[in-house]
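Structure record follows, encoded as structure tokens.
Read-outs: derived from the displayed coordinates by stated rules, not from any lab. As the structure is a computational prediction, the values presented were derived from the model and not from experiment. Note that each Cβ is placed from the backbone with ideal geometry, even for glycine, and that neighbours are counted across all protein chains shown.
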Amino acid sequence: MAAILRTLNVTKRFGGLVAVDDFSFEIEEGSISSIIGPNGAGKTTFFNCITGFYTPEEGLIEFKGKQIQALRTDQVTKMGITRTYQNIRLFANMTALENILVGMHSRLKTWWPEAVIGNKRFRDEEKNALAKAQELLEFVNLKGLGDQLARNLPYGAQRRVEIARALASEPDLLLLDEPTAGMNTQESAELTDFIRNLRDESGITVLLIEHDMRVVMGISEKITVLDYGSKIAEGKPKEIQNNPKVIEAYLGRGAASGLEFSAA
Amino acid sequence: MSTLTQPKLPTSERFSQLFGKYIYIAVGIIIVILLIGRIIFVARQESYPLSYWTFQVINGLVLGGVYALVALGYTLVYGILFMINFAHGEVLMMGGFAGFFALQYMTSIGWANGTALQSTLTIVFMMLAGMIVSVITGIVLERLAYRPLRGAPRLVPLISAIGASFFLQYTALLVFGAVPHNYRKPSVIDGVWKLGDSGIIISYTGAFIFITSILMLLGLFIIVQRTKMGKAMRAVAEDKHIAALMGIDVNKVIVFTFALGSALAGAGGVMLGLHNTVIRFNTGFLPGLKAFTAAVLGGIGNVLGAMIGSLLLGLLEALGPSALGLPTEYKDVIAFSVLVLVLIFRPSGIVGEVLSEKKA
Amino acid sequence: MKIKDGIRAGFIALGILIYLDLIGLPKTFGSSMVVTFAVIVFLFSLFSLRTKPAEAPAPLPSVLVNGLIIGVITGLGFALITFGFASLQAQDVKVTDVFAQISHENIEALTGVDKVALREGQSVVPGLTKLAGYFILAGVLGGVITQFPASKVLHIGDEEKRSSARYWLMLALPFLLFAFFLALRIEGVDIGGSEENSFGLVLIYACIAAALFAVREVKAGVHKIGFSALIVALVLVIPQLTDLKQNAILGAVMIFVIMGIGLNIVVGFAGLLDLGYVAFFAVGAYTYALISSPESYIVVNLPWFEGLNFWAGLPIAVLLGAAAGIMLGIPVLRMRGDYLAIVTLGFGEIIRLLLLNLRDYTGGPGGILEIPSPNLFGLDLGNPKGILYLGMAFAVIVTFFTIRLRDSSLGRAWVALREDEDVAEAMGINLVAIKLMAFASGAAFAALGGTLYAARQVNIFPDNFALDVSINVLSLIIIGGIGSIEGVVLGSIALIGLPEILRSVDEYRIVAFGALLVIMMILRPEGFLPSTRRARELHEADLDSPAEFEG
């Protein structure tokens, strides 16, 4: 299978701190992969490099055969990468439906003068967008909650709206930053199933950052371990579980026993 | 992996990316070149005597000293509350009026133009009056207009500050009248030194203002850096919640900050009165804006930056119009252009940390 | 209610009275202020002694004692201070050198002793005794009233369910007010636009305000259509019934409505705080002036160019305004919040200073004169009524444009930008494009307002384009209700329309306006007619984080 995303020697520094250090990896189209690592390992920074929020000092990022490391965030989104955030970042004072509609922004083609005139193309597009937003809402099991303000929704629902908003931009690659943070075991399990279904049904490639090892081991086809910004291991869940370097990276920090870590 | 070494980005997108990245630098360089060109052009055309330039430099330093006193009020408050105290110029104006009335009183009992000691005491009394009234104004302002709004979206306290500014300005207009009040200098600082035949003149007032403001700035520096309260201030500026957990009374620190900033503004108001020899209800507005500019120029939230920025702005204002061959009315245009340019090209200011761009 | 609270309330009231004395209310309004001050004491006593919703009612003696304390503190305190001022004046000390308003008129208004009598040694004590007596009486009375159920009406915060009768009354109110206005007109009562008699205009304002509130309440469907049609008819008819001066004032209100709607896009929708909005108003006005006035630099120096008329000049001015919006927008793209506010403020000042100093082109302080008025198919619109209708037409166009943009993906992108810039960009929104779009449309509307303003004023000067225009526009959208178009109209009436009537007490209006902004931010930061979203946002802090540092 072809790689949808490849990075080569990506390095991102903040002053003297090297947050991501010479990081190369690739993920296959239609796969579910995870990046794990102790806190501060550079996982989220790496996400920010992919989405164009940060520009890496060195290295290349290739998505669907095109280099994207120099693009702006919105251009990257248009190319088909979207993300969710570790600490949910919905537009709190917009409704769930409006949030999803904003996610659709890059797929709406009408120009503003058309909106002013209110021509047929504009009206059709708005109607379709609304229908699609409703569909997405249904897809994440939040039917009927579209008019609720995002910030009034329960935590789990906010997570799902955020995913729906990300899906609204019709991505080929979905980046999920600790999607199960703050969830209990049952909720996590539900979300895991949801992600797997999503991939199976629509073929979207998924890349996760995750702390909950049960989720990671259960869902990932490939796991990459980051420590101090560098890759220390990569492979199938089983291989990672028994990798002495990984265990050291975690236990060396005096973390909890085994590989069960709660979210930061 | 060899494919990755070949850039595949569409040319147009690459161009826009490069454009976005370097346009600021390019425009900046063009502006600098144009300015230097203009200065050289003007310098070759008309030449002012050296004494003129020295006069302007001294003028600029004096003005810069006053700006520094006011700018510190902005910077201290911004550093702690992340709000622009738009009414700070009015705090200055109140201090200026208090100093004026103190002067009136001392003149009426004959001290202002009495012996050197009496005259000196007059100045001390004026400064104290100005500082006390400004401190009261500042504290009341904080208590009534800002404290209830702490934690609100940033637009809200800013509007409140604008309202307070109007309120204070027009209250002063109504209470003290619209006529300009003339400061008559106490005899001890009324006069000039002439430096030989060079034509260089230094007024006593200017020297007094510059030296006093430097001394006060040093005092402030010591307060912020050395005292326990200063330490608390810096802690609150860093993180209010953590500071509160460490047992610091955040409200007390904020009030102290306002009091400190207002005291300096009060002194600045009196000095501005002595410098301009006149005070009116709207005296505070423009110096307030300029001082804010100076604070931004140096890097807002940064005490040292505010001092450097103020002196720089004072000099730019005094020298700029002549150097560029423009009439002196353009000094305000120059000041505001500096503000705009600094915020565009170096929003963190001269000394400021680069982080503040994200914070802002 | 403890004695301590009474003393505290008394001193606060005394402070307020002294403030009102110092800013010259007695001098301006004469002896009626004694009664007015007593009423203030009464209200203060009533409000500070009233039973708060969560408290048990205080016993009568305690309330009476506190009322008495408030009365005595204000009465004696105020009398003593006035006595002090009077004695100083009796000794020929010029109090006005310090307190400009404490002249002998002030003493006369408060004590009934005039300048001559004061010099001759007539005592002010009887007058002051009377004054103190009034205050004490007012304080006690306020305390007594709290004991009656009627005072419960004053409890703010009781939520009442709107009954059907109230609904209909609300819908009818604008028409009732208009009918009252009409009746006065037909009866020939003088309700003209003079400073002495502006009752007619106040009625019109009340009528429009009532309509704005009713529009929010009216149910969709037939009600809405019928009501809107009636309101439109009413608005069209008003300029026919008002006199010249009233129409001139309403015309000014319209210009600010247009600008308010424009700034609303920038600040209300996109959340970009622009304090230099006057710059674009100036660009519009000066562009039109420069290409139309026979006195302008361009027309004077280009022999073949005779100046454009209003309809040719308008699009040029608006386009240049939009271009100016983009030009000033580009450098501030990376800035957020306060920095943006200050840079735009700087821009505004730079433009004004340039207008003032580029004498050759802008005429400097002398401005540009003889700007042609608009006319439509030979109909001269250069009179207040014409300008008002023109302003109304422009306001409708601008409103239409704004609503359409608001409800499109661009409008959603603006809100997203205001909520969270980073996430908005991650959602595929080109921040540069939508920020510039907000600046450009806001600036275009301001330029439209400016063109109309230039045509209305005929002569324009740099002083017309000072910072206070920016502040006024910003304040009016905030007081009216940020993000909402009805709010802009209401704000324009409150901040532009009402003060125009009160020109004679100009300084008081600015003081009151400043205080209003502060109070408004504390009590109701979302304005009187907010968009629902903005109301939620501005109360976010109340809900999300308990006010830990409130003292």
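Measuring from centroid to centroid over Cα atoms, what is the spacing of the range C:94-125 and the range A:39-111 in Å?
Their Cα centres are 73 Å away from one another.
Please find the FRET efficiency linking B:Gln225 to C:Leu244, where r is the Cβ-Cβ separation and R0 is fixed at 60 Å, and quote it to the nearest 0.05.
0.35
Can you return the aspartates and glutamates within cross-link range of A:Lys245? Criterion is Cα-Cα under 14 Å, with same-chain partners fewer than 8 residues away left out.
List returned: A:Asp227, A:Glu234.
Express in % the proportion of alpha carbon pairs of the protein assembly as shown at distances exceeding 63 Å.
Above the 63 Å cut-off, the protein assembly as shown has 15 percent of its Cα pairs.
Explain nothing, just compute: Karplus ³J(HN,Hα) = 6.51 cos²θ - 1.76 cosθ + 1.60, θ = phi - 60°, for every residue of the range A:179-191 in order, whole Hz, x for Gly and Pro.
With the stated coefficients, the range A:179-191 comes to x, 9, 4, x, 9, 7, 4, 5, 4, 4, 4, 4, 5 Hz.
Considering the Cα trace of the range C:367-484, what is its radius of gyration and what is Dmax, both in angstroms?
So, for the range C:367-484, Rg and Dmax equal 17.7, 54 Å respectively.
So for the range C:246-466, what percent of the C-alpha to C-alpha distances run longer than 27 Å?
33 percent
Among rounded, prolate and oblate, which fits the range B:31-116 when a ≥ b ≥ c are the square roots of the eigenvalues of its C-alpha gyration tensor, a/c under 1.5 means rounded, and a/b larger than b/c means prolate?
oblate
When all C-alpha to C-alpha distances in chain C are sorted into bins of 10 Å, what percent of pairs does each bin hold, rounded to whole numbers?
The percentages, shortest bin first, are 3, 14, 21, 23, 20, 13, 5, 1, 0.
Ignore the peptide's own chain and count Cβ atoms of other chains within 10 Å of each Cβ in A:65-78; give me the average, rounded.
Rounded to a whole number, the mean comes out at 6.
Using alpha-carbon positions, what is the distance between the centroids of the range C:201-244 and the range B:175-246, in Å?
For the range C:201-244 versus the range B:175-246, the Cα centre distance is 57 Å.
Rounded to two decimals, what ratio of Rg to Rh does the range C:1-147 give with C-alpha atoms and a Kirkwood Rh?
We get a ratio of 1.05 for the range C:1-147.
Which lysines have a Cα less than 20 Å from the Cα of C:Lys245, not counting those fewer than 8 places away in the same chain?
C:Lys385
Based on Cβ point charges of +1 for Lys and Arg and -1 for Asp and Glu, what charge dipole magnitude is obtained for chain B about its Cα centre, in debye rounded to the nearest 20?
680 debye
Between the range C:422-491 and the range B:47-103, how many Å separate their Cα centres?
Each part's Cα centre sits 32 Å from the other's.
For C:Lys2, go through the aspartates and glutamates and keep the ones whose alpha-carbon is under 18 Å away, minus same-chain ones fewer than eight residues off.
Once the sequence-local aspartates and glutamates are set aside, what remains near C:Lys2 is C:Glu55.
How large is the charge dipole for the range A:29-136, taken about the Cα centre, if only the Cβ atoms of Lys, Arg (+1) and Asp, Glu (-1) carry charge, to the nearest 20 debye?
The dipole of the range A:29-136 has a size of about 240 debye.
I need the shape label for the range A:44-152. Rule: rounded when a/c is under 1.5, else prolate if a/b > b/c, else oblate, with a, b, c from the alpha carbon gyration tensor.
Oblate shape, in that a/c is at least 1.5 and b/c is the bigger or equal ratio.
What ranking, highest mean first, results for peptides C:202-208, A:78-84, C:123-129 when packing means the other Cβ atoms within 10 Å averaged over each residue?
A:78-84, C:202-208, C:123-129
Please list, in chain and number order, the residues 5+ apart from B:Ile200 or on another chain whose amide H is under 5 Å from its amide H, with Hs placed from the backbone.
HN-HN under 5 Å from B:Ile200: B:Leu195.
Of A:Ile32, B:Leu81, C:Phe213, which is farthest towards the positive pole of the protein assembly as shown's charge dipole, taken about the Cα centre with +1 and -1 on the beta-carbons of Lys, Arg and Asp, Glu respectively?
Of the options given, the answer is B:Leu81.
Among rounded, prolate and oblate, which fits chain B when a ≥ b ≥ c are the square roots of the eigenvalues of its C-alpha gyration tensor, a/c under 1.5 means rounded, and a/b larger than b/c means prolate?
It comes out oblate by the Cα gyration axes.
For every helix of n ≥ 4 consecutive DSSP H residues, a contribution of -39,500 (n - 2.57) applies; sum these over chain C, divide by its total residues, and give [θ] at 222 nm rounded to the nearest 500 deg cm²/dmol.
Per the formula, -22500 deg cm²/dmol.
Could you pull out the pairs from B:Lys252/B:Lys290; A:Lys78/A:Lys109; A:Lys127/C:Lys219; A:Lys78/A:Lys120 whose alpha carbons sit more than 22 Å apart here?
Checking Cα-Cα distances, B:Lys252/B:Lys290; A:Lys127/C:Lys219; A:Lys78/A:Lys120 exceed 22 Å.
Sequence gap at least 6, Cα distance under 8 Å: using those rules, report the relative contact order of the range A:79-151 to the nearest whole percent.
52 percent
Once you place label points 7 Å from the Cα toward the Cβ at B:Tyr22 and B:Ile109, how far apart are they in nm?
The modelled label-to-label distance comes out at 7.1 nm.
With each pseudo-label sitting 7 Å past Cα toward Cβ, what's the A:Glu28-A:Lys143 distance in nm, one decimal?
The two pseudo-label positions are separated by 3.6 nm.
With +1 on each Lys and Arg Cβ and -1 on each Asp and Glu Cβ, and nothing else charged, work out how big the dipole of chain C is about its Cα centre, in Debye to the nearest 20.
Computed about the Cα centre, the dipole is about 1060 debye.
Taking the simple approach of a point 7 Å from Cα along Cα-to-Cβ for both A:Glu190 and B:Leu304, what is their distance in nm?
5.6 nm
Nearest 0.05, what FRET efficiency do B:Leu326 and C:Asn309 give at R0 = 25 Å with Cβ-Cβ as r?
That gives a FRET efficiency of 0.10.
Estimate the FRET efficiency between B:Lys252 and C:Val396 by the formula 1/(1 + (r/R0)^6), using the beta-carbon distance for r and 60 Å for R0, to the nearest 0.05.
0.65
Sort the following peptides by mean Cβ neighbour count (other Cβ atoms within 10 Å, averaged over residues), highest first: B:122-128, C:133-139, C:488-494, B:216-222.
For the peptides B:122-128, C:133-139, C:488-494, B:216-222, the packing ranking is C:488-494, C:133-139, B:122-128, B:216-222.
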